[in-house]
Amino acid sequence: MDESATLPEKASTPETTRGGIDIHGGDVRAGRDIVAGDVNVAGDSISGQSVSVQRGYSANEVQRLIMIVGGLVFATAACFFIFGAISTAVLVGAINRPVESSIEDGQSMARKIDALNSLTSGREFRVSFREDEISSYFRFFLGPAIDIADGKARLLDPPGRLAISGTLDNGKGLPFLAEGELTTGAAPFQLRSAWVKILPTPEGSSFGWVPVTPLAQDLSQRINAFMFGRVQFTQITEDKSESSAESQLNVWGVAK
């Protein structure tokens, strides 16, 4: 009698089909690229393929992201304009101080400037400019020469500092504000800061100004060429008074 037992044959791996995808043994096959939700398989089989999982943003996440970015932009802009308001407060306050401007006072200062530039080299001088003369000269003579209309100028502390303002003829009429300084260096006039107003705030408001100092550096050169091309200052003082007709800038120097 044959005592050997007949072992049952190993069951074959069943083939299963799910939604058009054949699952056979350890392999998954499909007749096209497998794209399901966040899973994308480029090819008809997972075997030997790279599987990429891509996850997008939900509508709520997109809305939250927009709100966060918008809040950051608003906060940055607010800080920017607050910085401008604080930085220009002194200049705006000085410009708002009432000072009369007239052609006659502007011509008076123009004659003094012409006299300085007519001095022979090495000649020392002392000259005084009243605040109303300075503002008038800037409004009717210097301003138009450097493309600034409706100009104003005011004395500041310490002596030699000046606030100037107007509208930019070559900047679509934007309000312009700057702080300049008379110096005893090689350049008699230097620009310390420059601002333009880009928000339509009321006249006399310090809110809405943005700095443009790097873009206005040629202004110093143009003012020096127009006014002080042949002089160098050695001393600068200021006589302050309640009346603009009596407040004046005193300048000592030498002709180049």
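The values are calculated or read from the model by the stated rules, or taken from the named source; none is laboratory data. A quick note: this is a predicted structure, and the numbers were derived from the prediction, not measured. Glycine also receives a Cβ, built like all others from the backbone with ideal geometry; neighbour counts cover every protein chain displayed.
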Which numbered condition A163 misses (of (1) under 22 Å from E246 (Cβ atoms); (2) small (G, A, S); (3) more than 25 Å from the chain's Cα centre (by Cα)): (3)
Residue that is nearest to A255 (Cα to Cα), among those in the stretch 155-191 that are assigned to a strand (DSSP E or B) and out of contact with any helix residue (DSSP H, G or I) (no Cβ under 8 Å at 6 or more places or on another chain): L182
- prompt: When residues of the stretch 96-118 are filtered for being surrounded by 18 or more Cβ atoms within 10 Å (Cβ to Cβ) and modelled with pLDDT under 95, how many remain?
  reply: 2
task: Kindly indicate whether D150 is closer than 26 Å to D105 by Cβ, not in a strand (DSSP E or B) and not aromatic (F, W, Y).
output: no
task: Please identify the pairs in which a residue from the stretch 88-116 that is without any contact (Cβ under 8 Å) to a residue 24 or more places away in the chain has its Cβ atom under 9 Å from the Cβ atom of a residue that is surrounded by fewer than 18 Cβ atoms within 10 Å (Cβ to Cβ) and among the β-branched types (V, I, T), counting only partners at least 6 apart or on another chain.
output: K112/V127; A115/V127
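Residue-wise test of (1) of a type in the set (A, V, I, L, M); (2) assigned to a helix (DSSP H, G or I); (3) within 23 Å of A178 (Cα to Cα).
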position: L91; (1), (2), (3): yes, yes, yes
position: R97; (1), (2), (3): no, no, yes
position: A110; (1), (2), (3): yes, yes, yes
position: A115; (1), (2), (3): yes, yes, no
position: T120; (1), (2), (3): no, no, no
position: F129; (1), (2), (3): no, no, yes
position: I134; (1), (2), (3): yes, yes, yes
